[in-house]
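Accompanying notes for the structure given below.
The values are calculated or read from the model by the stated rules, or taken from the named source; none is laboratory data. The model shown is predicted, which means the values in this text are computed figures rather than measured ones. Note that we place each Cβ from the backbone using ideal geometry, even for glycine, and neighbour counts take in every protein chain shown. The protein model used for the area step is the full one, side chains on, heavy atoms only, and it has no ligands, DNA or RNA in it. Shrake-Rupley method; radii C 1.70, N 1.55, O 1.52, S 1.80 Å.
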Amino acid sequence: VVAQLIKEKLPVLFAHMEKCYFDPSMVTLQWFSCLFSYNFNFEVLQRLWDVFFLKGDKVLFRISLAIYHLLQKKIMKCTEVTDISKVMEGVQAMLQDPL
């Protein structure tokens, strides 16, 4: 589902990730299964969970799409799946501010 969203909303990014053999579900599965708790500090996590409990599971997809949008420039510079994976591992450091 996230891959389809990325394909619709960020088609250039999706094409590049596809070219690099990167499947967004490799990352989003972990995000969704633990509701982002593995990836974000407590302050950010509180905000994400507040919105999640108020708006429902559609928020998970929106947050994921926003993260891919924020990382788009870095991902576009990558040439291999391992490079993209390293960028995605850095999402925690990038999103420390809950505002």
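Of the residues making up the range 86-96, those that are surrounded by fewer than 15 Cβ atoms within 10 Å (Cβ to Cβ) and either in contact (Cβ under 8 Å) with a residue 24 or more places away in the chain or in a helix (DSSP H, G or I) (or both) are K86, E89, Q92, A93, M94, Q96. Given the criteria part of a helix (DSSP H, G or I), more than 14 Å from the chain's Cα centre (by Cα) and surrounded by 14 or more Cβ atoms within 10 Å (Cβ to Cβ), does D83 qualify? Criteria met by D83.
If you check L45 against the conditions, is it among the aliphatic types (A, V, I, L, M) and without any contact (Cβ under 8 Å) to a residue 60 or more places away in the chain? Spell out how you get there, then give the answer.
Details: among the aliphatic types (A, V, I, L, M): yes; without any contact (Cβ under 8 Å) to a residue 60 or more places away in the chain: yes.
Answer is yes for this residue.
Residue count for the range 32-47, restricted to those that are hydrophobic (A, V, I, L, M, F, W, C) and either touching a helix residue (DSSP H, G or I) at 6+ places or on another chain (Cβ under 6 Å) or not in a helix (DSSP H, G or I) (or both): 5.
Kindly evaluate S25 against the criterion of being touching a Phe, Trp or Tyr at 6+ places or on another chain (Cβ under 8 Å) and closer than 16 Å to V87 by Cα. Walk me through how you get there before you give the answer.
Values: touching a Phe, Trp or Tyr at 6+ places or on another chain (Cβ under 8 Å): no; closer than 16 Å to V87 by Cα: yes.
Answer is no for this residue.
Only residues that are of a type in the set (F, W, Y), open to solvent by less than 20 Å² (accessible area, probe 1.4 Å) and under 14 Å from K77 (Cα atoms) were counted in the range 1-34, giving 1.
For the range 60-71, how many residues are open to solvent by 90 Å² or more (accessible area, probe 1.4 Å) and under 19 Å from Q4 (Cβ atoms)? Matching residues across the range 60-71 total 2. Among the residues in the range 39-59, are any open to solvent by less than 40 Å² (accessible area, probe 1.4 Å), aliphatic (A, V, I, L, M), within 25 Å of K7 (Cα to Cα) and at pLDDT 95 or above? Looking through the range 39-59, none of the residues is open to solvent by less than 40 Å² (accessible area, probe 1.4 Å), aliphatic (A, V, I, L, M), within 25 Å of K7 (Cα to Cα) and at pLDDT 95 or above.
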